[in-house]
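Written out below as structure tokens is the structure these notes cover.
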Amino acid sequence: MFSSAVLVLAASIAAGQADVKVPANVLAEIAFLAGVWEEEGTFSGDPFKGKSQREWNPGKCCLIMHTESNRAPASGITGWDPKTNEIVETWYTADGVRVELRYTVVSAKVWEGTVVAISPDGIEDKGTIRLEKTGADSFAFKAKSPAVEMTATARRLKK
């Protein structure tokens, strides 16, 4: 009986969500991140280089992401939070860290927001982030928190 009620509730929530659409301007911002990127920078003073792939999910409402570097590999998702009107990236790393980045689009070239990283032992680190589009196929990223300072540049690889 309980499982039937849960199924009915889940179906009614899903049916109600079918009418909700991600705004076109938000999808256009998220689309900037789609593609294959080469990245390099520093993480708390240590240099890193990597490559990430971000591709649309089948419904084209969010990006599925994977990254490999000389740090821990990670996977995640980029989507829109309709409650806060933020672009949200959630990453899960192979070393057990979960990172959530929340961006507000400040201008055509700048996104700013917050980052929360949760270590495997449950310790939370909060900070600020900034992504600046430096070209049609490039961006600079900065993050700063009590535990971490990160800078990176990225360029989209041509197909």
**Request:** Just name the residue that is nearest to Ile30 (Cα to Cα) out of those in the range 121-140 that are exposed (fewer than 14 other Cβ atoms within 10 Å of the Cβ) and of a type in the set (D, E, K, R).
**Result:** Lys126
**Item:** Single unsatisfied condition, Asp125 versus (1) touching an Asp or Glu at 6+ places or on another chain (Cβ under 6 Å); (2) closer than 23 Å to Glu40 by Cβ
**Value:** (1)
**Asked** What number of residues in the range 77-114 are over 19 Å from His66 (Cα atoms), outside any loop (DSSP other than H, G, I, E, B) and either charged (D, E, K, R) or touching a helix residue (DSSP H, G or I) at 6+ places or on another chain (Cβ under 6 Å) (or both)?
**Response** 4
**Hits in the range 27-76 (condition: in a strand (DSSP E or B) and of a type in the set (A, V, I, L, M))** = Val36, Leu63, Ile64, Met65, Ala74
**Prompt:** Conditions: (1) surrounded by fewer than 14 Cβ atoms within 10 Å (Cβ to Cβ); (2) modelled with pLDDT of 95 or more; (3) in contact with a strand residue (DSSP E or B) (Cβ under 9 Å, 6 or more places away or on another chain). Lys51 meets all but one. Number of the miss?
**Reply:** (1)
**Some residue of the range 30-37 being at pLDDT below 95 and surrounded by 10 or more Cβ atoms within 10 Å (Cβ to Cβ)** = no
**Complete:** If we keep only residues of the range 115-149 that are of a type in the set (S, T, N, Q) and not in a strand (DSSP E or B), then the residue farthest from Glu86 (Cα to Cα) is Ser119
**Prompt:** Can you tell which of Glu68, Glu100, Glu112, Glu40 is in contact (Cβ under 8 Å) with a residue 24 or more places away in the chain, of a type outside the set (A, V, I, L, M, F, W, C) and within 29 Å of Pro146 (Cβ to Cβ)?
**Reply:** Glu40
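The values are calculated or read from the model by the stated rules, or taken from the named source; none is laboratory data. Source: prediction; values computed, not measured. Methodologically, a virtual Cβ is constructed for each residue, glycine included, from the backbone with ideal geometry; neighbour enumeration extends over all protein chains shown.
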